Structure formats: structure tokens, C-alpha cells
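One structure is given below, encoded as C-alpha cells.
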Amino acid sequence: MRKLLEFHRSPNAVKVRVGLNYKGLEYEIEEMMAADREPMLAAASWPMIPILIDGDVVMRDSLAILHYLEANYRDAPSLTPGSRDEIQTAEALLANLSPEILRIQWGLSPQFRKPEADREEAAIAEAREAMRTALERLERRLANRAWLVGDAMSIYDIVLACNLLPTRPPERFAEQSPIWRFFADHFRLDDDVRVASWIDRVVEHDDDWGGPPA
Ligand SMILES: N[C@@H](CCC(=O)N[C@@H](CS)C(=O)NCC(=O)O)C(=O)O
């Protein structure tokens, strides 16, 4: 049986589950522990999740796994945009937006690692404003379309939407994790934001979506 090594609440693991589910590919999951990287190193010479073991093939890195699934399971529903122009447009959106979004999120780690009382409100507010600015362009892009390009979800929707999952934390994740609770409290997008409903549309394909965001 296909196996996914993961940290269940990792956005990178969600990307792969969405891809596998969308394509209707069965898999089992094995939860890893940050304190013991041996199983990941043994499987893929790589100390991070997600790792997909598919028969004799071992793939690591969420985007590489999505491309692998796309290239090799072509009879399953496609996650590839319909034309070269659409692929290039989607690649450009991802290349422009993802680094900025990840930079903002990673910059918050000193805050969410502190006890709540010690957190710096000004730093959190500044990051929230930076996120709002970063998302303006995406909000315009989604003004008259359901997906980044074309009329169906593609791997680019999966990657970008899952990178933005901290702005739409699934209720179950927020219940289970203080980091997700932090993002739910400070970065949650309102329901009427187009980016919010687009993220929800992508993450609905995760088995463990757990209903509306926290
Ligand atoms: N580019 C990689 C990044 C993988 C990654 O950063 N994984 C994190 C979880 S989201 C991880 O395993 N980090 C090690 C740790 O937190 O101990 C991907 O997209 O799969």
C-alpha cells in the first residue's frame, strides 16, 4: 500500500493528501516525530516530511510529490493546467507570492513560541498588515475565477492555498495545536474574503479538513 510519512497538521502534508485524494489514490499515513528523524532518513535520506513511498518509488518534498503524481497517474483526474500559458501564469503567481507569505509566517515563530502574555502585539500587527498587502493581488486574481488558472484546481492552487492555510486554520488543527491556535486568533481571514473561500475549496479535499475554519 502507498504510504505517506507526515506530520499530520503540516501544510506540506496537507498538500500531498489533497493531491492523493483528488486523484483517488489510496494510501496509508504514518505519523512521524520531530524528535526521531531516523524513519525519514532511512526512507528518503531527508529529515523532513512529507515523504511518499509508492511501491519501489520514494519521493520527498511536497511539490516534487505532486509533480510525480501528476506525471505518473494520468488516468486519474488531472491537476495540471490546460496549457503552457496557464502553467507559466500559475508558476509566476507562485514564484511571486509564496516566498513573501512564507517569510511573514516564519518571521512570526519568535512570537508563537512565547507564552501568550509575552508576545509582542506590535510585531504581530505588522505581520498581519504585511499579509493583508501580500494577499491583495491574489484577491484581485480570484475576482472572477474560482481557481488560479483555468476552470479546475491545479497543483498551483494546492501549493499556494496550503501555504496560506494558517490564515484559514481548520478547526481541528486549532483545537490540537497552540501554533495553529495562534494563527486562528491573529491571522484568520474573514469568510467573505475570496482568498478564504478559495483556500477552503482546496482543503475540502483533505480527509481531515474537519469543517469550517476555527
Ligand atoms: N520543501 C519541503 C519542506 C518540507 C518541510 O519543511 N517539512 C517540515 C514540516 S512542514 C518538516 O518536516 N520540518 C522538520 C521539523 O519540523 O522538524 C516540502 O515542501 O515538502
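The values are calculated or read from the model by the stated rules, or taken from the named source; none is laboratory data. All values derive from a computational prediction rather than experimental measurement. Because the Cβ atoms are built from the backbone with ideal geometry, glycine has one as well, and the counts that use them run over all protein chains shown.
A few points about this structure:
- Close pairs (9 angstrom Cβ cut-off, 6 or more residues apart or separate chains): under 16 Å from residue 152 (Cα atoms) in region 16-34, of a type in the set (S, T, N, Q) anywhere: 19/62; 23/78
- For region 30-52, filtered to residues that are crowded, with 19+ Cβ neighbours inside 10 Å and in contact with a helix residue (DSSP H, G or I) (Cβ under 8 Å, 6 or more places away or on another chain), the residue that is farthest from residue 76 (Cα to Cα) is 32.
- Any hit, region 199-207, residues being at pLDDT 95 or above, out of contact with any strand residue (DSSP E or B) (no Cβ under 9 Å at 6 or more places or on another chain), closer than 21 Å to residue 134 by Cβ and assigned to a helix (DSSP H, G or I): yes
- Among the residues listed as 44, 13, 34, 64, the single one being at pLDDT 95 or above, over 21 Å from residue 149 (Cα atoms) and near the ligand (Cβ under 10 Å from one of its atoms): 13
- Residue in region 76-97 that is outside the structural domain of residue 137 (by TED's automatic domain parsing), among the polar types (S, T, N, Q) and within 16 Å of the ligand (Cβ to nearest atom) present: no
- Sole exception among (1) of a type in the set (A, V, I, L, M); (2) out of contact with any Pro (no Cβ under 6 Å at 6 or more places or on another chain); (3) not in a loop (DSSP other than H, G, I, E, B) for residue 79, by number: (3)
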